[in-house]
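**Student:** Okay, here's the structure, questions in a sec.
The values are calculated or read from the model by the stated rules, or taken from the named source; none is laboratory data. The model shown is predicted, which means the values in this text are computed figures rather than measured ones. Neighbour counts run over all protein chains shown; Cβ positions are idealised from the backbone, glycine included. Protein only, heavy atoms only, side chains kept; ligands, DNA and RNA dropped before computing areas. Shrake-Rupley method; radii C 1.70, N 1.55, O 1.52, S 1.80 Å.
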Amino acid sequence: MSVPVRLLASATCLAVAAIGTQAHAATATFQDQVSEIREALAFGKTSLMARYRYEQVNQQGNLHEAHASTLRIAFGYETKPLAGFSLFGQVEAVAPIGQRLYSYPGHATQYPTVVDPTGTELNQAFIRYQWPVGNTKFSSKIGRQEIILNNQRFIGPVAWRQNQQTFDAVTGLLAPIKDVAISGGYISKVHRISGGEARNTGAGGTISANDGVLGMDSTFANAGYKKPGFFSVNAYAVLLQYQDVPSLSSKTGGVRLEGPWKIDTDLSFLYAIEVAQQKKFANTPAKFSAGYWQAEAGVAYQKVTVKVGWNQLDGASATDKFNTPLATGHAFNGWAEQFLTTPNAGLSAGYVSANAIVPWVEGLSATLIGYAFRAQTGGQHYGREWDGLIEYKAIPIDKNLLFGLKVGHFKASTGAPFKDLTKTSLYSVYSF
C-alpha cells in the first residue's frame with residue numbers, strides 16, 4: 001500500500017473515530033440533560049395545607065345565625081430548580097362539612113355573609129426564576145401567584161379566608177446589596193376570595209366589585225431598606241386600573257417606617273409610622289384625593305407584647321374616599337370585619353393590643369385587641385370592638401398542627417349606620 005493511501009486510510013479512521021467520539025459525547029450530554037430535567041421534576045418540594053374552620057356569625061336584626069363549617073385543602077408542588085428555573089402549581093379545594101347555613105357573593109340567602117365559597121380551583125401556577133450572585137439576588141415569577149406587599153395593607157392574599165386571593169401577574173425582586181430590596185410587578189387579573197362562580201353580582205346582573213374574577217391593568221413598586229434591630233423603611237406606589245369596575249381604580253403612593261428597635265435580648269421598642277395619598281387614576285369616574293396614615297407604638301418584653309395605635313382612612317363621599325380593594329382586610333380594623341370597605345365618611349380607629357406566649361404551656365399564645373371607631377368626616381361614633389384569640393401549636397403531638405379560637409365582637413353606637421355583630425371561629429390547621 002502506498003504512503004498516500006496509508007495516510008488517507010489513517011485519516012479516515014481518525015475522522016470516523018472523532019465523529020464517533022463526538023456522537024458519544026453529544027449522546028452523553030443529551031442524556032445528562034434529560035437526567036437533570038427528570039431529577040428536577042421528580043425531586044421537588046411538596047406542600048400541603050389542610051384547615052377546618054367553623055365560623056358562626058350573629059348579626060343584629062337578622063333572625064338567623066350563620067354557621068359556616070368548611071374544610072380547605074391546598075396541595076402544591078414545586079420542581080427542583082434547574083438553571084435557576086422552577087415550576088410551582090397549587091390546587092385549592094373548599095368543601096362544606098354538613099349543611100351550608102351561610103351566604104356569600106352570588107349565593108345570597110337569609111343568613112349573614114361568610115365569604116368562604118365552596119369549590120375547586122387552580123390557586124397558583126407560575127414559573128419562578130432565581131439568580132443569586134454574591135450579595136446580589138434577583139427573583140421573578142410569571143403566572144398565577146400570591147402577592148404580599150409590605151404589611152398587606154394594599155396587596156395581600158387574604159390568608160384568613162378559605163378561598164384565598166391570587167393574581168395573574170409578573171413580579172420581580174432585586175436585592176442589589178445587603179439590606180436593600182426593590183420589588184414590583186404587573187397584574188392583569190385578580191382572583192378574589194368570593195370565588196370564580198361569583199359572576200355578574202351587580203344590579204341587573206352587571207359586573208361588580210364582588211365578582212370573583214376581575215380584569216386589571218395594574219402595576220406596583222416598592223423600595224425598601226432595613227437596619228436589623230433598629231428600623232425598616234419602605235416607599236411604595238400602587239397603580240390600580242380595573243377594566244370593568246372603574247370606581248375601584250386609583251393611584252396610591254406612600255412611605256412606611258417601622259421597628260422594632262431592639263434594646264437588649266429581652267426588651268424591644270415597637271413603632272410604626274405610615275402615610276399615603278390616593279388619587280384618581282386612569283378610568284376613575286371622578287377626581288378625588290384622600291389620605292391614609294397610621295401611628296403605632298409599643299414594647300415587647302420577653303414573651304409579652306403591648307401596643308397602642310391609631311389609623312385613619314379619609315372619606316368625604318362615596319366617590320371621594322381612600323380604598324384598599326386588594327388588601328388583606330381581615331388583619332385591619334377588627335376581626336368582625338365591619339370595615340372591609342371604607343365608609344363614605346371615612347374611618348378613624350384607635351386601638352390597644354396585648355399578646356402573650358403562655359410560659360407554662362408550650363405552644364400556647366393569647367391576644368386581646370380593643371378598638372374605638374368613628375367617622376373621619378363629621379366625627380360620628382361608629383362603635384367599639386373587642387377581639388380575642390387563643391392559639392395552640394400542638395408541638396408535643398406534631399409541630400405542624402395548630403388549633404385556634406378567634407372572636408370578634410362589634411358593638412354599634414346609637415344612631416350609627418352599623419349593627420351589632422359577633423363572629424366566632426374555631427379552627428384547626430395542619431400544614432407543611
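**Student:** Looking at region 119-136, is at least one residue closer than 25 Å to Ala327 by Cβ, open to solvent by 60 Å² or more (accessible area, probe 1.4 Å) and not aromatic (Phe, Trp, Tyr)?
**Tutor:** Checked region 119-136: at least one residue is closer than 25 Å to Ala327 by Cβ, open to solvent by 60 Å² or more (accessible area, probe 1.4 Å) and not aromatic (Phe, Trp, Tyr).
**Student:** Hey, Val170 hits all of (1) open to solvent by 50 Å² or more (accessible area, probe 1.4 Å); (2) in contact with a helix residue (DSSP H, G or I) (Cβ under 8 Å, 6 or more places away or on another chain) but one; which does it fall short on?
**Tutor:** (2)
**Student:** Collect the residues in region 242-267 that are aromatic (Phe, Trp, Tyr) and either surrounded by fewer than 18 Cβ atoms within 10 Å (Cβ to Cβ) or over 22 Å from Lys280 (Cβ atoms) (or both), keeping them in residue-number order.
**Tutor:** Trp261, the sole residue that qualifies.
**Student:** Closer than 30 Å to Leu270 by Cβ and in contact with a Gly (Cβ under 8 Å, 6 or more places away or on another chain), is that true of Gly212?
**Tutor:** no
**Student:** Ala297: buried (at least 18 other Cβ atoms within 10 Å of the Cβ) and assigned to a strand (DSSP E or B), yes or no?
**Tutor:** Taking the combined requirement at face value, the residue does not satisfy it.
**Student:** Checking the condition over 16 Å from Thr284 (Cα atoms), under 18 Å from the mean Cα position of the chain (by Cα) and either assigned to a loop (DSSP other than H, G, I, E, B) or among the polar types (S, T, N, Q) (or both), which residue from Ile187, Ile193 passes?
**Tutor:** Within the list Ile187, Ile193, the selection yields Ile193.
**Student:** Which of the residues spanning region 310-336 are hydrophobic (A, V, I, L, M, F, W, C), within 18 Å of Ser194 (Cα to Cα) and open to solvent by less than 30 Å² (accessible area, probe 1.4 Å)?
**Tutor:** Within region 310-336, Leu326, Ala327, Ala336 qualify.
**Student:** Let me ask something else. Residues in region 232-241: is at least one open to solvent by 60 Å² or more (accessible area, probe 1.4 Å) and modelled with pLDDT of 95 or more?
**Tutor:** There is no residue in region 232-241 that is open to solvent by 60 Å² or more (accessible area, probe 1.4 Å) and modelled with pLDDT of 95 or more.
**Student:** Those residues that are open to solvent by 70 Å² or more (accessible area, probe 1.4 Å) and either part of a strand (DSSP E or B) or at pLDDT below 95 (or both), I need them from region 92-108; list them, please.
**Tutor:** The answer is Gln99, Arg100, Ala108.
For every residue, the table says whether it meets (1) under 30 Å from Leu214 (Cβ atoms); (2) among the polar types (S, T, N, Q); (3) free of Cβ contacts under 8 Å to residues at least 12 places away in the same chain.
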{"residue": "Lys287", "(1), (2), (3)": "yes, no, yes"}
{"residue": "Ala297", "(1), (2), (3)": "no, no, no"}
{"residue": "Lys321", "(1), (2), (3)": "yes, no, no"}
{"residue": "Phe332", "(1), (2), (3)": "yes, no, no"}
{"residue": "Ala336", "(1), (2), (3)": "yes, no, no"}
{"residue": "Ile369", "(1), (2), (3)": "no, no, no"}
{"residue": "Gly378", "(1), (2), (3)": "no, no, no"}
{"residue": "Leu389", "(1), (2), (3)": "no, no, no"}
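**Student:** Have a look at Val233, Val238 and point out the one that is touching a strand residue (DSSP E or B) at 6+ places or on another chain (Cβ under 7 Å), among the β-branched types (Val, Ile, Thr), in a strand (DSSP E or B) and within 20 Å of Phe167 (Cβ to Cβ).
**Tutor:** Val238
**Student:** Something else about it: Consider region 173-189. How many of its residues are of a type in the set (S, T, N, Q) and buried (at least 17 other Cβ atoms within 10 Å of the Cβ)?
**Tutor:** 1
**Student:** Further question on the same structure: Which residue is most open to solvent (accessible area, probe 1.4 Å), if the candidates are limited to region 71-86 and must be among the hydrophobic types (A, V, I, L, M, F, W, C) and under 30 Å from Tyr54 (Cβ atoms)?
**Tutor:** Here the answer is Phe75.
**Student:** Kindly indicate the residue of region 271-293 that is β-branched (Val, Ile, Thr) and open to solvent by 60 Å² or more (accessible area, probe 1.4 Å) and also farthest from Thr324 (Cα to Cα) among those meeting that condition.
**Tutor:** Per the stated criteria, the residue is Ile273.
**Student:** When you scan region 163-178, do you find a residue that is within 22 Å of Ser249 (Cβ to Cβ) and not in a strand (DSSP E or B), even just one?
**Tutor:** yes
**Student:** Starting from region 222-239, keep only residues that are within 11 Å of Val255 (Cβ to Cβ), then list their pairs with residues that are open to solvent by 50 Å² or more (accessible area, probe 1.4 Å) and hydroxyl-bearing (Ser, Thr, Tyr) whose Cβ atoms are within a distance under 9 Å, requiring at least 6 positions of separation or different chains.
**Tutor:** The qualifying pairs are Val233/Tyr225; Asn234/Tyr225; Ala237/Thr219.
**Student:** Give me the pairs: first residue in region 256-268 and over 20 Å from Ala295 (Cα atoms), second residue outside any strand (DSSP E or B) and not basic (Lys, Arg), beta-carbon distance under 9 Å, and six or more apart or on different chains, which are they?
**Tutor:** Cβ pairs passing all conditions: Asp266/Gln302; Leu267/Gln302.
**Student:** Can you tell me which residue among Arg192, Arg199 is of a type outside the set (Asp, Glu), in contact (Cβ under 8 Å) with a residue 60 or more places away in the chain and either within 24 Å of Glu92 (Cβ to Cβ) or crowded, with 18+ Cβ neighbours inside 10 Å (or both)?
**Tutor:** From the options Arg192, Arg199, the qualifying one is Arg199.
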